[in-house]
1. Which number in (1) at pLDDT below 95; (2) more than 29 Å from ASP154 (Cβ to Cβ); (3) of a type in the set (A, V, I, L, M) marks the one condition that ALA274 misses?
2. Go through region 381-391 and give me each residue that's buried (at least 17 other Cβ atoms within 10 Å of the Cβ) and in contact (Cβ under 8 Å) with a residue 60 or more places away in the chain.
3. With the requirement that a residue be surrounded by 13 or more Cβ atoms within 10 Å (Cβ to Cβ) and within 20 Å of the chain's Cα centre (by Cα), what does region 115-129 give you?
4. Within the bounds of region 337-350, is there any residue that is β-branched (Val, Ile, Thr) and not in a loop (DSSP other than H, G, I, E, B)?
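The values are calculated or read from the model by the stated rules, or taken from the named source; none is laboratory data. As the structure is a prediction and not an experimental result, all values here were calculated from the model. Virtual Cβ from ideal backbone geometry, glycine too; neighbours counted across all protein chains shown.
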Amino acid sequence: MSDTRQAAVDAGPRTGRCPYHVAGRAQADPCMDYLHLRDDEPVRWDEDLGVWLVTGFREVSDLLRHPSLSAAWPEQGRTTLHTPDAGHDGDGSRTAELVRRWFMFIDNPAHADARKIVAPLFSTERLAAARPFVEGLVDELLAPERDVLDVMDDLAVPLSSRVVCHILGLPEDVAPRLAVWAPDIAALLVADYLPQVITRGYQALHEVTAAVDEALRGEVPEESGLWLLREAHRRGEIELQDVWATASLLIYAGFETTSTFIGKAVRAALHAGAWDEVLKAEPAVAVEELLRFDTSVQQVARFAAAPVEVAGRRIAAGDLVLIMLGAANRDAAVFADPEHLRPGREIKRHLTFGYGVHYCLGAGLARLEAEVALQRLGARWDTIAEAAAPVTRSHYGLTVLEHLMVRGGTRNGA
């Protein structure tokens, strides 16, 4: 967008105001857990956790591509909450061995080799072929006659879980179990210093692996995710543990982040009074702004394999770095009035899906699901409004959007 056009947008009506900065409203900005960090330096050392926190857009972009920062933080990256022997396996590593095999937690060239096996699932051609399935599924979920709908239970959760099973080649009856597994796996990634988190997380991973094994013993759809992984295993390119690891990564990430984003997108649009603007905007443009405004994944971690200089600070070898994607997406140096939701804002780049070689492989699928869900929800009713306050809960430091009840209607009230 030209500077002149951007200035016109910035000077326009505040229809997409900040959804959570309204006088008298009890609802706090769900992003505030990390947004306050922007008041400090873009790169700073946190004494309490014993980690670096990075919040600036430019600094985050640089570090996500820095060759000295390793994605393999589960091997050695620990906070002050972790004792030296905190690993469940007794080797000092964090989380589960299966999770440490996820390609998002390994570096090149092994990362590129693992990612390449399942990359065909997310090609432009495959996404285009998946669109009719996604559209039909959303129409099915929205078909029942009702005035009140739970965006999470009735739309986002079943949509994302069934799409993941479809892409991977898992039986559809596995889909309802994803919502049970995901929170416990998520907790394992952030609070693995707690024994109960380890117990629940390992149980969830065990059940995921069992479901994958059972599916592999049957007829797996050709060119599905499990088919690609099984063929790679047969060719001797990967071990069986890598089949389990990659499948569990796609199950968890494909479901958790997308279902969460759909719920957050509707919540933000309604709170901002910008639902009509979301529907009027180019769907892809509106989705990018919603992704920027309240990302599903607030932070990612990196481990300094060698010293790194950034923003005048020196990150020592061995330090753990928390890269705050959500805060960077609200950087005022990059986005005009970043606290305002502007459905028509044309964004050159945001950091919701990361940056560099670890850019989210399923970003296109997440965008597709969100676009279809928002469009079809807008077509279902002329107007929608919150029928009740959103229900959230804290799950080992993670805020989970459990329910978002909305009421549909017509503009004339009929």
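1. (2)
2. Initial filter on region 381-391 (buried (at least 17 other Cβ atoms within 10 Å of the Cβ)): 381, 384, 390.
Within region 381-391, ILE384, PRO390 meet the criteria.
3. ARG115, VAL118, ALA119, LEU121, PHE122, LEU127
4. no
Residues are listed down the side, and each one gets a yes or a no for (1) buried (at least 19 other Cβ atoms within 10 Å of the Cβ); (2) free of Cβ contacts under 8 Å to residues at least 60 places away in the same chain:
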| position | (1), (2) |
| --- | --- |
| ASP150 | yes, no |
| ALA156 | yes, no |
| LEU168 | yes, no |
| VAL174 | yes, yes |
| ASP184 | yes, yes |
| LEU189 | yes, no |
| PRO195 | no, yes |
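Residues checked against (1) without any contact (Cβ under 8 Å) to a residue 40 or more places away in the chain; (2) closer than 22 Å to HIS395 by Cβ; (3) among the polar types (S, T, N, Q):
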site	(1), (2), (3)
PHE255	no, yes, no
PHE261	no, yes, no
LYS264	no, yes, no
ALA269	no, no, no
TRP275	no, no, no
VAL287	no, no, no
THR295	no, yes, yes
PHE303	no, no, no
GLU309	yes, no, no
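Condition check ((1) small (Gly, Ala, Ser); (2) surrounded by 24 or more Cβ atoms within 10 Å (Cβ to Cβ); (3) in contact with a Lys or Arg (Cβ under 7 Å, 6 or more places away or on another chain)) across all residues:
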| position | (1), (2), (3) |
| --- | --- |
| ARG234 | no, no, no |
| PHE261 | no, yes, no |
| HIS340 | no, no, yes |
| GLY344 | yes, no, no |
